[in-house]
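Structure record follows, encoded as structure tokens.
The values are calculated or read from the model by the stated rules, or taken from the named source; none is laboratory data. Because the structure is predicted, anything quoted here is derived from the model rather than measured. Virtual Cβ from ideal backbone geometry, glycine too; neighbours counted across all protein chains shown.
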């Protein structure tokens, strides 16, 4: 199983603790800690994803549950009417995020905010977040990584001016979070609230 490099320090700590518990023959604490050690590995898994590809497709940037699909006026990068698709990742989802389309990174912004629960609407404006704007072959797309109540570190890989590929790794959020993708109004939206998505595999929107 491929693991995101950011996870190795946490995995090492978890298994060192387990080793100490076993060495001390503290069997009950070791039995309790073993699932935690296995979960840390699972949390940082980075599976290879194959799926539909194409400039007319907008792929899900994250694994998780669609918590809202709403029309919105996006001022930061799209500069006009848009649709925001919000995907909430629980602590059992893959947390590596991927680019929904190919293009050039034309915008980067970071907001040092709160660490409230990531699913509610207010998380879009109040929580810590990192935004990436893409100039794709069909138009502009904005992806926003939002930290949750457990998350304490957003990793965003690329700087402005970088050319990125569809389904390429975008970054990672540690321990529970949400990713919003903003697409221009008028695109066909192919998911609805309550749907489950898989990064780089689920098509969330499509240009005609």
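Worth a mention:
- Under the condition of being surrounded by 19 or more Cβ atoms within 10 Å (Cβ to Cβ), part of a loop (DSSP other than H, G, I, E, B) and at pLDDT 95 or above, the residues counted in region 145-169 number 2.
- Test: residue 200 is surrounded by 17 or more Cβ atoms within 10 Å (Cβ to Cβ) and either free of Cβ contacts under 8 Å to residues at least 60 places away in the same chain or assigned to a loop (DSSP other than H, G, I, E, B) (or both): yes
- Sole exception among (1) at pLDDT below 85; (2) surrounded by 20 or more Cβ atoms within 10 Å (Cβ to Cβ) for residue 142, by number: (1)
- Within region 170-194, the set of residues being part of a loop (DSSP other than H, G, I, E, B) and more than 16 Å from the chain's Cα centre (by Cα) comprises 185, 186, 187, 190, 191, 192, 193, 194.
- Flag for residue 34 being part of a helix (DSSP H, G or I) and more than 18 Å from residue 91 (Cα to Cα): no
- Flag for residue 40 being part of a helix (DSSP H, G or I) and either assigned by TED's automatic domain parsing to the domain that holds residue 132 or at pLDDT below 95 (or both): yes
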